[in-house]
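None of the figures in this text is laboratory data; all of them are computed from the coordinates on show. As the structure is a prediction and not an experimental result, all values here were calculated from the model. With ideal geometry, Cβ positions are generated from the backbone for all residues, glycine too; neighbour counts draw on all protein chains shown.
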Amino acid sequence: MLRQVVNETEEIQDLWLRLFLPWASSIIAGVAGISIIMWLLPQAALFIFILFVLAIVLITFISAFSSARVNYRPVADAIFNQVMQSCDAAKEAQVFGFDSNLKSEINNAQLQLDAIDKKESKTAGIGSALLFIFTGAAVITGFLQAATAYADGNLAGINVAVVTLLPLVIFDNLNVISTAFAKLRPIMQAVDNLDSLLSQSEGEEKQSNLLAGISNFDLAFSSVKPVLAEISFAPITGVAKPNQPLIVMGKSGSGKSSLLYSTVGFLPYEGSITVGGIELSNISNAEREKYISMLLQDDYLFNSSIRENLKIGKTDATDQELMQVLSVVELTELITSLPDGLDTHIGAYGYNFSGGEKQRMKLARVLLRDTPIYLLDEPFEYLDKELFSRISERIKLRLCDKTLVVVSHLPI
């Protein structure tokens, strides 16, 4: 959310730099130029002023109308997401043969961008043509009026050139208006998005601190059904209490992971989920993050060191704390055997380590946090039976006074 607020704020800053400032500078330059002509030759200044006003109105209207019709940003975002997906899933795409589908989606999005670019180019062309016509009319009018005044002895020769050429400067500044108004739609969209984000933040602030005064962190599910489009789950009922973990088992696709996603606010749900008797829907996302720790089934390891990946769970953790939590998942021997120890680089997506080692690092990162509630989604994936048995017992001991919900396809 913070990243989105920053992005929208940066977009809104363009309102002054790329819209109001260029438009205002064009007006000021035009008024200054026309004032000079007014001082030298009032009759020419009046006609040039009329042309100047018409040019501003027409170019502004055409640019603003075009900007209102063009929705460039969502298409550009879609292309970015699809390219990132292609990069992340390059090997899988090649193995399973869906790389052509990803390329096709990117090409389709690019065609949409090309169509938008053509609309913008057409609008820019119309604006440039109008500007050329108005500039030509102003120059010709200025020259004819100045030549007549010179012939009558009412204007010096040097001022004929001034009155004739000054319209070129006056109207040249109007070129920026078309470019400036191309930013109108994304800026206004950013304003709407920021208003929505701030309203959401204010709403969450009003609902915060509901859990601050309770000591009972029992997590109760009553006929809970996560809401996903076109998927219907059977209702789930159960209670997790300190030293009484709730183990959720079931076949693939039965909604086990979705139940945890609903608990942390990733998915809406039907039924009731309460923490200490307080309905979860009344608790802000910020407060959930403070009181609930979760191991995602597809948790991510960053292309950094082991130490930095673990300290995401607790930024001020000491090396002793890191080694303690690594001992719970039986990784201390591996870490100490590495030349760089905790500073060993994990590599992109953890490619320097096996699936079981990566899974235990992710689990250690979650266990490093100190929250009343823990949600673990398939924490023992990639582990053999003996290792799974030993680590599960250590986790029970470490989290004996915590509320624990575990999703697993293996009996615990």
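Here are the numbers for the structure shown:
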quantity	calculated
Convex hull of Cα atoms in region 219-290, direction-averaged projection (nm²)	4.9
Length gained when the stretch Ala129-Ser327 is fully extended (0.36 nm per residue, less Cα-Cα span)	63.9 nm
Contact order relative to length of region 219-290, as percent, for alpha carbon pairs under 8 angstrom and 6 or more apart	38
Two-site FRET efficiency, Tyr150 against Val31, from Cβ-Cβ distance with R₀ of 30 Å, rounded to 0.05	0.75
Longest to shortest principal axis, alpha-carbon extents of region 363-412, angstrom	28, 18, 17
Over 27 Å between alpha carbons, listed pairs Lys225/Lys251; Lys290/Lys358; Lys225/Lys358; Lys251/Lys311	Lys225/Lys358; Lys251/Lys311
Kirkwood Rh in Å, taken over all unlike Cα pairs in region 293-407	14.1
Chain lengthening between Leu111 and Asp370 when straightened (0.36 nm per residue, less Cα-Cα)	88.3 nm
Counted charge near Lys314, where neighbours are those whose Cβ lies closer than 10 Å (Asp, Glu -1; Lys, Arg +1)	0
Per-pair calculated FRET efficiency, R0 = 35 Å: Ser223 and Tyr300 via Cβ, rounded to 0.05	0.60
Relative exposure of Lys119, Lys385, judged by other C-beta atoms within 10 Å (fewest first)	Lys385, Lys119
Estimated inter-spin distance, Ile278 and Lys314, nm [label 7 Å along Cα→Cβ]	2.3
Chain lengthening between Asp343 and Leu387 when straightened (0.36 nm per residue, less Cα-Cα)	13.3 nm
